[in-house]
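J.: What follows is a single structure, and I will ask about it in a moment.
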Amino acid sequence: GTSKTSGDGEKKTLRVVTDAAYAPFEYQDKGEVVGFDIDFVKAVAKEAGYPVKVENVGWDPVFIEIEGKTADIAISAITITPKRLQTYDFTVPYFLSKNEILVPKGSPIKSAKDLEGKKIAVQNGTTGQEAVEKLFGENNDKLKKFENNNLAILELKKGGVDAVVADNTVVETYVKNNPNDNLVFIEDDGTFEKEFYGLLLPKGSKLKADLDKAVNKLLENGTYEKLYEKWFKIKPDIKILKEQQ
Amino acid sequence: MIEVKNLKKSFGTNEVLKDINVTVKPQEVVVVIGPSGSGKSTFLRCINMLETITGGHVFIDRTDLMDKKTDINKLRSEVGMVFQQFNLFPHKKVIENIMLAPMKVRKLSAETARVKGLELLRKVGLVDKAEAYPDSLSGGQKQRAAIARALAMEPSIMLFDEPTSALDPEMVGEVLEVMKQLAREGMTMVVVTHEMGFAKEVGDRVLFMDGGLIVEENTPKELFDNPQEERTKAFLSKVL
Amino acid sequence: MIEVKNLKKSFGTNEVLKDINVTVKPQEVVVVIGPSGSGKSTFLRCINMLETITGGHVFIDRTDLMDKKTDINKLRSEVGMVFQQFNLFPHKKVIENIMLAPMKVRKLSAETARVKGLELLRKVGLVDKAEAYPDSLSGGQKQRAAIARALAMEPSIMLFDEPTSALDPEMVGEVLEVMKQLAREGMTMVVVTHEMGFAKEVGDRVLFMDGGLIVEENTPKELFDNPQEERTKAFLSKVL
Amino acid sequence: MDFRWDLIVEYAPLFLKGTLLTIGLSVAGILIGAVLGLLIGLGKMMRKKLWALPFRWYINFFRGTPFMVQILLIHFAVVPAFLDTTNGILAAILALSLNSAAYVSEIFRAGIQSINRGQMEAARSLGMTHGQAMRYVILPQAFKRMIPPLGNEFIVLIKDSSLAALIAVPELMYWGRAMQGQYMRAWEPYLTATVIYLVLTLSLSSLLSLLEKRLATE
Amino acid sequence: MDFRWDLIVEYAPLFLKGTLLTIGLSVAGILIGAVLGLLIGLGKMMRKKLWALPFRWYINFFRGTPFMVQILLIHFAVVPAFLDTTNGILAAILALSLNSAAYVSEIFRAGIQSINRGQMEAARSLGMTHGQAMRYVILPQAFKRMIPPLGNEFIVLIKDSSLAALIAVPELMYWGRAMQGQYMRAWEPYLTATVIYLVLTLSLSSLLSLLEKRLATE
Ligand SMILES: Nc1ncnc2c1ncn2[C@@H]1O[C@H](COP(=O)(O)OP(=O)(O)OP(=O)(O)O)[C@@H](O)[C@H]1O
Ligand SMILES: Nc1ncnc2c1ncn2[C@@H]1O[C@H](COP(=O)(O)OP(=O)(O)OP(=O)(O)O)[C@@H](O)[C@H]1O
Ligand SMILES: NC(=O)CC[C@H](N)C(=O)O
Ligand SMILES: [Mg+2]
Ligand SMILES: [Mg+2]
């Protein structure tokens, strides 16, 4: 069901895929797929004039679906990376992020360097994984790659690893929402670089122009800010997003 | 009726029938005896084309079984066969066992087939078991039902492969009785059996097989009382 | 030797043995005949405690099988049993089949057991098959090996349950020969069989069982030639 | 350990929905699989070895690889090749059907082979053709013997269908994983799923053994 | 479609490592499972129904629930309850062993039941105790018949072990997924894994049928 815009007339429903295991961006609440990304992509599509249907498919499948053009858009807190750009297109960035470390309270790990020799859980195929592999080598023995971030965090909670590396917003939200788990997050701006999320599109997608325009519109007309505040209770730094374009 | 010429049959390298020559005349009752493994069953099975013949020829009513043009299924229905293990169809009632082939092969109507089936069951003394399933019958009853089933195709020849040797001794008699009656009615029969009493009473000829060959043949009386060949003597001394 | 008093055996609600009373004297050969399902096998199996008795008593050498204190395994080794289906141990050579129980139960050394086993094999005419596996033997050879195996425990009583009815006719003789020899040597034997020749030649007594009861008993000659009971007559007329 | 019953209560409607889908997937799988399996079984039994080869390889493939690989390949490669989009439910049914077809074909073969050779010979000796003998004598008996193993295959499918969670088909396991993800707890979601699976498979298998007894005494 | 052989070459050492771990897990699973299975089989065959009940339920549980649930429960719930940490390899071996034990116990029971009753009777009538008859007569024959189904169970374990990838045990499927995650390509990793699984299971099953023929003629 890829988009076939029939020239002028009615626009076809876009299939948006996501991995709803990355709160607060996209997650399941009693079976409902919700989150900042979900609200955002709906707003973008509305702005661009497309009806959308959001489907939870899982993280690895997101990329397979987009590469195979079986879905039109993926939104899943996906960082725009040079490597991904070889195979996919992205819209202009819509979110600023960076990786962060999640550890139990009282852990000796205080920075990324302390992760050396420690067991780390990451989500397979994420920038968190890449960051750790850049530090300690690809496919090294101490790294456990899970299918989604929830399993990685569960592994940490159950004592199977010493740390999880994932996006800061996700890590911090988790720490805040689960005080009983006694987890803390550790920032390391020296090691973890700024990342920008974009909507993932198939290479050469005809939607890119429309969507870019729509994203920019939302950034400018205050819709983005409203959504951002609803989900994160703070104001976004729109300037840095615009600079990145 | 049956003419077997230079019949040969091998399983792989194992030559089971070496060179069999027999003629069975209409209404004749031929009894085949011989030690285990001598090829008696294989011989019968070749006559009924349940085995593909390796060499030689078998003629039934002058039709060559080996001829490509021969309709084997039609010919086979001319030859009834009764097995040691009965081989009744367990999912069908006795009467249905008997009706099946006439209906499917001869295309009789169910009614005609049933009337005929009941008649045959009467003949073998099993009318009251028409609606029973084979599993509820005793061995002797099963074998009689199997004979009725074979007769339903109105064969001109009946082959029996040790029809009584899977039976409890007290049931042997009832089956032999049915067979004797058939013989008296003039059915052409080839019977593999070790029931010497039967052979003497109704057999016209006895063939003694050993090692894939017919070693000796004669009237029952002559063969049992006055065997010529050493192997026949040895065998009879053990069995009688 | 064996005393069976008011023996009863039921499977569930099916009363298979109703009230059996028999005494077998030392060196006696008792033949049991009767229609299928009359309880002959069950009777033998009760004597050997292969079935748990429902009522009554069985004494072997004056020891009550039902007595809690009786060592059943020891008593069982006093009673040899030969089955219709041979039941040789297929994973062991013939000689090992014979040596196993003497070594494990009687704790004989392998050597002693072997010497004795070979002697028994000589007796049943199978020394040359000592190192063969059961599957390579003919039916008659298997049954003779099974007899040798039972004899290896030096039983004072031997039970035979239709020992020749799974055999090809030409092999029946060799097994009966071994059994006759045993009888002549004075072994106490209870034999379920339909071999009338054997019964007449070595049987001291014949029991006719039907419906879980001993209907008639007599010497073979009297019972076969002059049966008293209707049921016996009916059975014999079918079998003889 | 504190066991949060409230979470289970909260997720109950979803588990119910998931259970229904699990049953639906398995039923579809066994039905389509049975039909396909018969055809493949017939194909494999063909006299000409060369013609039978593709069927043989079909069976080898589906019996020789993990169901996880099969469902992923079918979901991401096979279905999109035809539909131009993925479709989890379709892929799950396809994977279950194709997989069970391989096993059913073996059940079918075993069923036919379990019928005594004498049956075919008796039928042939009455003048029936091979086809008639198959149709009226062999197959009716074989089908009866196939019922219990087909029932077992159905149970296998119920369990295998849990892998559909990996392609986000909202069946039972999917909701277990969703609950795990939402509340980061292991015991509650997985035990709930376990119990439901147990109820499904055990009630099915006791039904089966009842049926088997019926068939045996008939 | 362009098929990137170079990626496969690059990941070849990891696939090799993964294959070895897959084999290792399955071997450990079948060995421990066989021993446990014997014990559970014996337990289930106990005369006292009440004592046999726990074994019966063990078998029901492991045969009645998806292996995915089992491995997740064991990894995230059971092992941590004892060790206070997770251990993927341990959990995988445990899950495979406990699961296969349930199936082995049935193989064991079937093996014993397949031995003709007459064997036990012959042994008892020679004066052997039940234990002696079991040990010298029944079990040696039963074990021989258990070899082929145990081989099949081994093949099942090879396939089931692929689910260990979900708990990040670096076996074959894990590296397939890792490759997929790294290069965002689906075909190369999954097809490679498929081929390796096929090689493992098919060579094992042809070995098995050889063995079966040997045993049959012996
Ligand atoms: N389908 C077969 N494949 C291979 N060998 C066979 C087959 N059928 C029979 N034989 C072999 O052919 C030989 C003769 O067998 P056949 O059954 O004709 O003997 P028989 O005289 O009927 O013996 P019995 O009295 O035991 O029934 C035996 O050596 C047997 O092993
Ligand atoms: N283990 C068993 N469970 C239930 N019923 C049994 C069992 N063994 C035997 N029977 C029943 O007991 C009855 C007598 O059987 P038994 O084997 O003693 O007869 P038999 O005289 O030896 O017959 P045959 O001549 O056929 O060997 C039969 O009705 C049989 O169905
Ligand atoms: N959903 C996610 O796990 C995203 C992780 C990270 N932002 C990435 O793009 O790799
Ligand atoms: Mg024969
Ligand atoms: Mg009996």
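J.: At 222 nm, what helix-only mean residue ellipticity would chain D give, in deg cm²/dmol to the nearest 500, using -39500 (n - 2.57) for each DSSP H run of four or more?
T.: It comes out at -26000 deg cm²/dmol, rounded to the nearest 500.
J.: While we're looking at this one, here's another question. Quote the FRET efficiency, to the nearest 0.05, computed for B:ARG122 versus B:LYS238 with a Förster distance R0 of 51 Å and r equal to the Cβ-Cβ distance.
T.: The calculated FRET efficiency here is 0.80.
J.: At 7 angstrom along the Cα-to-beta-carbon line, where would the label on E:ARG4 sit relative to the other copies? Give the distances in nm, shortest first.
T.: Here the equivalent label points are 4.0 nm apart from this one.
J.: Continuing with this model, one more query. Could you let me know the centre-to-centre spacing of segment D:8-66 and segment C:123-150, using Cα atoms, in angstrom?
T.: Taking the Cα centre of each part, segment D:8-66 and segment C:123-150 sit 51 Å apart.
J.: If you add up the charges near E:GLY37, with Lys and Arg at +1 and Asp and Glu at -1, over every other residue whose beta carbon is less than 13 angstrom from its beta carbon, what do you get?
T.: Its environment carries a net charge of +1.
J.: Straight distance only, please: which aspartates and glutamates reach the Cα of C:LYS142 with their own Cα at less than 17 Å, same-chain residues fewer than 8 apart left out?
T.: Counting by Cα, and skipping residues close in sequence, C:LYS142 has these aspartates and glutamates nearby: C:GLU96, C:GLU119, C:ASP128, C:GLU131, C:ASP161, C:GLU162, C:ASP168, C:GLU170, C:GLU174, C:GLU177, E:GLU121.
J.: With everything on Cα atoms, drop me the angle between helix C:169-184 and the longest principal axis of chain C, reported from 0 to 90° to the nearest 10.
T.: In chain C, helix C:169-184 runs at an angle near 90 degrees to the longest axis.
J.: Would you calculate a helix-derived [θ] at 222 nm for chain A, using -39,500 (n - 2.57) for each DSSP H run of n ≥ 4 and dividing by the full residue count, to the nearest 500?
T.: After summing the helix terms and dividing by residue count, I get -10500 deg cm²/dmol.
J.: Roughly how tilted is helix A:168-177, in degrees to the nearest 10 and between 0 and 90, from the longest Cα axis of chain A?
T.: For A:168-177 against chain A, the angle is about 70 degrees.
J.: Another question, then. Where both partners of a DSSP beta bridge lie in the protein assembly as shown, what percent of those bridges are antiparallel, to the nearest 5?
T.: 55 percent
J.: Among B:68-76, E:35-43, what's the highest-first ranking by average C-beta atoms within 10 angstrom per residue?
T.: E:35-43, B:68-76
J.: Note the distances from C:ASP128 to each other copy's matching label point, with points 7 Å along the Cα-to-beta-carbon direction, in nm, sorted shortest first.
T.: For C:ASP128, the other copies' label points sit at 5.5 nm, shortest first.
J.: Still on this model: On alpha-carbon atoms, Rg over Rh for chain B using Kirkwood Rh?
T.: 0.97
J.: If you don't mind, another one. Which percent, nearest 5, of DSSP beta bridges in chain B are antiparallel?
T.: 55 percent
J.: For segment D:144-218, what number results from the quotient of the Cα radius of gyration and 2.2 N^0.38 Å?
T.: 1.39
J.: In addition: Give me the inter-chain shielding for B:98-108: mean count of other chain Cβ atoms within 10 Å, whole number please.
T.: Mean partner shielding for this stretch: 3.
J.: Work out the mean other chain Cβ neighbour count within 10 Å for the residues of E:180-192 and drop it here as an integer.
T.: 6
J.: What lysines could a cross-link reach from A:LYS157, if we take a straight Cα to Cα line under 23 Å and drop same-chain neighbours fewer than 8 places away?
T.: Cα-Cα hits under 23 Å: A:LYS30, A:LYS98, A:LYS105, A:LYS110, A:LYS113, A:LYS118, A:LYS119, A:LYS142, A:LYS144, A:LYS145, A:LYS176.
J.: By how many degrees, 0 to 90 and rounded to 10, does the Cα axis of helix C:94-104 deviate from the longest principal axis of chain C?
T.: Helix C:94-104 sits at roughly 80 degrees to that axis.
J.: Right, another one. In nm, to one decimal, how far is the modelled label at D:ILE23 from the one at B:ASP204, with both set 7 Å along Cα→Cβ?
T.: 7.0 nm
J.: What is the sum of charges around E:PRO140, taking Lys and Arg as +1, Asp and Glu as -1, for the other residues whose C-beta is under 12 Å from the C-beta of E:PRO140?
T.: +3
J.: Distances from D:LYS144 to the same residue in each other copy, label points 7 Å out along Cα→Cβ, in nm, shortest first?
T.: So the label point of D:LYS144 gives 3.3 nm to the other copies.
J.: Of the listed peptides B:38-49, E:79-90, what is their order by residue-averaged count of other C-beta atoms within 10 Å, with the highest listed first?
T.: B:38-49, E:79-90
J.: Could you list, in their original order, any pairs among C:LYS40/E:LYS44; C:LYS107/E:LYS48; B:LYS9/B:LYS69; C:LYS92/C:LYS123; A:LYS194/A:LYS242 whose Cα atoms are separated by more than 24 Å?
T.: Violating the 24 Å limit, Cα to Cα: C:LYS40/E:LYS44; C:LYS107/E:LYS48.
J.: Return the calculated 222 nm mean residue ellipticity for chain C, to the nearest 500 deg cm²/dmol, obtained by summing -39500 (n - 2.57) across DSSP H runs with n ≥ 4 and dividing by the residue count.
T.: Result for chain C, helices only: -11000 deg cm²/dmol.
J.: Turning to a different aspect of this structure: Summing +1 for each Lys or Arg and -1 for each Asp or Glu, what net charge is found among the other residues whose Cβ lies under 12 Å from the Cβ of E:ALA92?
T.: Once positives and negatives cancel, what remains is -2.
J.: Let me see the P(r) profile for chain A: every Cα-Cα distance counted, bins of 10 Å, each bin given as a percent of all pairs.
T.: 7, 32, 35, 19, 5, 1, 0
J.: Let me ask something else. Need one word for chain E: rounded, prolate or oblate. Basis is the Cα gyration tensor (sqrt eigenvalues a ≥ b ≥ c); a/c below 1.5 gives rounded, then a/b vs b/c decides.
T.: It comes out oblate by the Cα gyration axes.
J.: Also, quick follow-up: Distance between Cα centroids, segment E:135-209 to segment C:190-240: provide it in whole Å.
T.: Going from one Cα centre to the other spans 64 Å.
J.: Which of the peptides C:175-186, C:192-203, B:95-106 is most tightly packed, and how do the rest follow, judged by the mean count of other Cβ atoms within 10 Å per residue?
T.: For the peptides C:175-186, C:192-203, B:95-106, the packing ranking is B:95-106, C:192-203, C:175-186.
J.: For B:GLU15 paired with A:GLN86, estimate the spin-label separation in nm (one decimal), with each label point 7 Å from Cα along the Cα-to-Cβ line.
T.: According to this spin-label approximation, the distance is 7.3 nm.
J.: Same structure, new question: Pick from A:GLU130, A:GLU187, A:GLU138 the residue whose mean-square fluctuation is largest in a GNM of chain A, springs joining Cα atoms under 10 Å.
T.: Most flexible of the set in this elastic network: A:GLU138.
J.: Please give the Cα centre distance for segment C:43-121 versus segment A:62-138, rounded to the nearest Å.
T.: Cα centroid to Cα centroid, the span is 75 Å.
J.: Separate question: Looking only at other chains, what is the average number of their beta-carbon atoms within 10 angstrom of each beta-carbon in B:52-58?
T.: If you average over the peptide's residues, the count of other-chain Cβ atoms is 0.
J.: Additional query: Which residues in segment D:2-24 place their backbone N less than 20 Å from a point set 7 Å from the Cα of D:LEU83 along the Cα-to-Cβ direction?
T.: Output list for this probe position: D:18-24.
J.: Calculate, in nm to one decimal, what C:GLN27 and C:SER138 gain on full extension: separation in residues at 0.36 nm each, minus their alpha carbon distance.
T.: Here the segment from C:GLN27 to C:SER138 would lengthen by 36.9 nm.
J.: Taking a temperature of 10 °C and a viscosity of 1.306 mPa s, what whole-number D in µm²/s does Stokes-Einstein yield for the protein assembly as shown with Rh from Kirkwood over alpha carbon pairs?
T.: Roughly 45 µm²/s, to the nearest whole number.
J.: Considering all projection directions equally, how large on average is the shadow of the alpha-carbon convex hull of segment B:2-101, in square nanometres?
T.: About 7.9 nm², averaged over all directions.
J.: Put a dot 7 Å past each Cα toward the Cβ at C:SER156 and E:SER206; how far apart are the dots in nm?
T.: About 6.4 nm, to one decimal.
Every number here is computed from the coordinates shown, using simple stated rules; none is lab data. These numbers come from a predicted model, not from an experiment. Quick reminder, even Gly has a Cβ in these numbers, built from the backbone with ideal geometry, and neighbours come from all protein chains shown.
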